[in-house]
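Taking it in order: structure first as structure tokens, then the write-up.
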Amino acid sequence: MDDQDPLQTVTKVLTGKWKPLLIWNLSNSVHRFSDLKRCLPDASPKMITQQLRELEEDGLVHRKIYPEVPPKVEYSLTDYGKTAEPLLKQFTIWGANHLRKKQIESGSTVTEHMCVCLLAPKK
């Protein structure tokens, strides 16, 4: 990979089976791991952990550990991570248009929906 290629950098940092959905869900509010697992029921805990760690290493996600027993950990987007939100919104628009195109081509019914888990913001 060319470390100077912006498109390859975006691909490396923002793609992963669950990264876009993790960022999207964290854009709404702070979440604990169990919240994110509920939002991504098909993702294994190991995969969610791995992708959260990668996002943390790249400076997009902040992990806050509370000194309690049992430990409490919360995840949120950093200010830098929030800069990815407009990109994900554009991907969502493109994805909706692509689904619409495929549905029209196949003659199936066009439906509007977002497959994202939006949990109530924590206070």
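FYI, it's all coordinate maths here, none of it is from the lab. Nothing here was measured: the structure is a model prediction, and the numbers come from that model. Counting neighbours? That spans all protein chains shown, and the Cβs are built from the backbone with ideal geometry, glycine included.
Assorted remarks:
- Scanning residues 5 or more positions from Leu77 or on other chains, those with amide H under 5 Å from its amide H are His62, with H placed 1.01 Å from N in the peptide plane.
- Highest mobility in the GNM of the chain, judged by mean-square fluctuation with C-alpha springs under 10 Å and restricted to Ser76, Ser108, Ser27, is found for Ser108.
- Contact order normalised by residue count of the chain, Cα under 8 Å, 6+ apart, percent: 31
- Choice from Val73, Val13, Val30 with maximal GNM fluctuation in the chain (Cα, 10 Å cutoff): Val73
- Note on Lys37 and Thr92: the model spin-label points, each 7 Å out from Cα along the C-beta direction, lie 2.6 nm apart.
- Residue-by-residue Karplus 3J(HN,Hα) for the range 13-20, coefficients 6.51, -1.76, 1.60, Hz, glycine and proline x: 7, 9, 9, x, 4, 10, 4, x
- Farthest toward positive dipole pole in the range 6-106 [+1 Lys/Arg, -1 Asp/Glu at C-beta], among Pro67, Thr83, Ile48: Ile48
- Sites excluded, GluC sites (Glu not before Pro) in DSSP loops with at most 11 other C-beta within 10 Å, longest stretch of the chain: 1-67
- If the segment from Val69 to Gln50 were pulled out straight at 0.36 nm per residue, it would be longer than the present Cα-Cα gap by 4.5 nm.
- With θ taken as phi - 60° and the Karplus curve 6.51 cos²θ - 1.76 cosθ + 1.60 applied, the whole-hertz 3J(HN,Hα) list for the range 75-88 is 10, 8, 7, 7, 4, 5, x, 5, 5, 7, 4, x, 5, 5 Hz, x standing for glycine and proline.
- Inter-label distance for Ser29 and Val10, nm, one decimal - labels placed 7 Å from Cα along Cα-to-Cβ: 3.1
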